[in-house]
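Written out below as structure tokens is the structure these notes cover.
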Amino acid sequence: MRQSRRQFMRNTLAGAGALAFPTIIPARVLGADAPSKKINLLQIGCGRIARTLDLPGFLKHDVARVVGLCDFDALRLADTKTFVEQYYAKKGITLTAATFGDYREALQRKDFDAVAISTPDHWHAQPVIEAALAGKDVYVQKPLTMTMAEGRAVSDVLRKQPCIFQVGSQRRAAVGVRMTCEAVRNGRIGKVHTVKVGMPTDPAGGDTNAMPVPPNLNYDAWLGPTPLASYNEDRVHTQEPDPKKRFGLRPGWLRIESYCLGMITGHGAHWNDIVQWGLGTEDTGPVKITGRADFPKGGLWNVHGDYHVEATYASGAKLIISNKFPIGVRFEGSAGWVFVGTGSERVTPSDPTGKAGKGGKALDASNPDILKTPLGANEIHLHESPQGDHHLDWLTAIQTRKPAATTVEQAHRSTSVCIVGWIAMKLGRKLRWDPQAEQFIGDEAANQMLTRAERAPYGALAFLKKT
């Protein structure tokens, strides 16, 4: 688990056969704009979130070059290769992006410095671990993992590696979010007693009929550690021939529990992360939790519908998560309240909207002074992302070798709030949670839901057993 990048390369290349690595020209030959001065980035996953959020976020920063692409769908891979190369060509940069149908082959390449992982949720944990052990810096979309067991494994591995990590909780980069959390952390609203989180829902439905697997899709690899299941376009992602539609539609996997837990993690990974940041509980979690939710009775899509979760922290602060609230986080204290949300903003054009999506305020407080009062030199100042840019935050951290906005342990803890909430929703009863042991107290059925079986030969936990 502690192997260095050099050790990893020696071990993996020993059986990999002859691979041709391009030569990186020293900076002294070409000057400040030399390839060796750039962060060579490998993009794993070329779907909707990569094309509409992550790739545009990285491409616009000249400190990096997207030089490698990987996806199990050859159609999306080829289209994204064209997209990247044309983007650089318009800037007068000649670049040929390497393409891979298997990320493990790509990780053997020593000319990739960093990896951005924009894959379905069930394909987060394993490539994150493998990339870190390969000596790469790692960015991964939220939520960090699907299960508590995966999250603990990812955090334990990455904290032993010299890896600059960032998770796709881009809300932390927003100035209004940082101001809100600083106001709460510095007592501007007094002692916090309640935090309300509003999030949307996803629809039920989905075609259950089996379809032929498209020749461009490695479907077995796409399923990865999840159970075998018949292919249907509503299970995976659209095969729409028009690229604009293909990358603009929300994929069906977001609505199936084998690959995503629903909005409790889809949006919860954003907003519960802000809760943790504002309460200063980034290395822990709630101690009591209860929940209820409506789950579809038919159709392919089986993630939760309407939901209501309540959790209590050791401080006595109560967290309430519901699709009935405006989208965002409202901190309520003994001296006032502050709210931060999205207003009418969407992270991607296809994101669903809730109550706040109809024009609600993105930043509000019971008293304007809560947010306007400048911080004192001795007060808590939280991480400030350069230019309020989440992707630049990670690239800057790679350059400086200083931590990015969110550490891997913080990402795990924020995700864990979502996961224990999902378990409470599934069981529909009160649970006691030990955030240090990461176990439910006196409830074996709940504890069994902290991990999942992995289908061989895939799975992060199975991989670690062989490492």
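The values are calculated or read from the model by the stated rules, or taken from the named source; none is laboratory data. Just so we're clear, the structure is a prediction, and the values are computed from it rather than from any experiment. Please note: Cβ atoms are built from the backbone with ideal geometry, for glycine as well, and neighbour counts cover all protein chains shown.
Per-residue answers, yes or no, for (1) assigned to a loop (DSSP other than H, G, I, E, B); (2) in contact with a strand residue (DSSP E or B) (Cβ under 6 Å, 6 or more places away or on another chain); (3) free of Cβ contacts under 8 Å to residues at least 24 places away in the same chain:
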{"position": "H304", "(1), (2), (3)": "yes, yes, no"}
{"position": "H308", "(1), (2), (3)": "no, yes, yes"}
{"position": "A311", "(1), (2), (3)": "no, yes, no"}
{"position": "G316", "(1), (2), (3)": "yes, no, no"}
{"position": "L319", "(1), (2), (3)": "no, yes, no"}
{"position": "F325", "(1), (2), (3)": "yes, yes, no"}
{"position": "F331", "(1), (2), (3)": "no, yes, no"}
{"position": "V338", "(1), (2), (3)": "no, yes, no"}
Original post:
touching a residue at least 24 places away in the same chain (Cβ under 8 Å) and of a type in the set (F, W, Y) - does that describe any residue in region 231-249?
Top reply: yes
Original post:
Taking region 185-218 as the search range and keeping residues that are among the polar types (S, T, N, Q) and under 29 Å from D234 (Cβ atoms), which one is nearest to the chain's Cα centre (by Cα)?
Top reply: T201
Original post:
Got a number for residues in region 370-401 being of a type in the set (D, E, K, R) and without any contact (Cβ under 8 Å) to a residue 60 or more places away in the chain?
Top reply: 1
Original post:
Restricting attention to region 292-339, which residues are surrounded by 21 or more Cβ atoms within 10 Å (Cβ to Cβ) and β-branched (V, I, T)?
Top reply: V303, V309, I321, I327, V329, V338
Subject >> Complete set of residues in region 160-207 that are under 24 Å from D389 (Cα atoms), touching a strand residue (DSSP E or B) at 6+ places or on another chain (Cβ under 9 Å) and among the basic types (K, R) >> reply: R171
Original post:
Would it be correct to say that D273 is more than 27 Å from T208 (Cβ to Cβ), of a type outside the set (V, I, T) and part of a loop (DSSP other than H, G, I, E, B)?
Top reply: no
**OP:** Could you tell me whether D220 is among the charged types (D, E, K, R) and within 30 Å of N186 (Cβ to Cβ)?
**Re:** no
**OP:** Please enumerate the residues belonging to region 399-412 that are crowded, with 24+ Cβ neighbours inside 10 Å and either basic (K, R) or in contact with a Gly (Cβ under 7 Å, 6 or more places away or on another chain) (or both).
**Re:** H412
Subject >> Flag for G248 being of a type in the set (G, A, S), at pLDDT below 95, over 20 Å from P326 (Cα atoms) and not in a strand (DSSP E or B) >> reply: yes
**OP:** Go through region 427-444 and give me each residue that's touching a helix residue (DSSP H, G or I) at 6+ places or on another chain (Cβ under 7 Å) and part of a helix (DSSP H, G or I).
**Re:** L427
**OP:** Out of D242, D294, report the one residue that is out of contact with any Pro (no Cβ under 9 Å at 6 or more places or on another chain) and either modelled with pLDDT of 95 or more or closer than 25 Å to A149 by Cα (or both).
**Re:** D294
**OP:** Report yes if E454 is surrounded by 15 or more Cβ atoms within 10 Å (Cβ to Cβ), at pLDDT 95 or above and under 21 Å from the mean Cα position of the chain (by Cα), otherwise no.
**Re:** yes
**OP:** For region 387-426, enumerate the residues that are assigned to a helix (DSSP H, G or I), more than 19 Å from T284 (Cα to Cα) and touching an Asp or Glu at 6+ places or on another chain (Cβ under 6 Å).
**Re:** I398
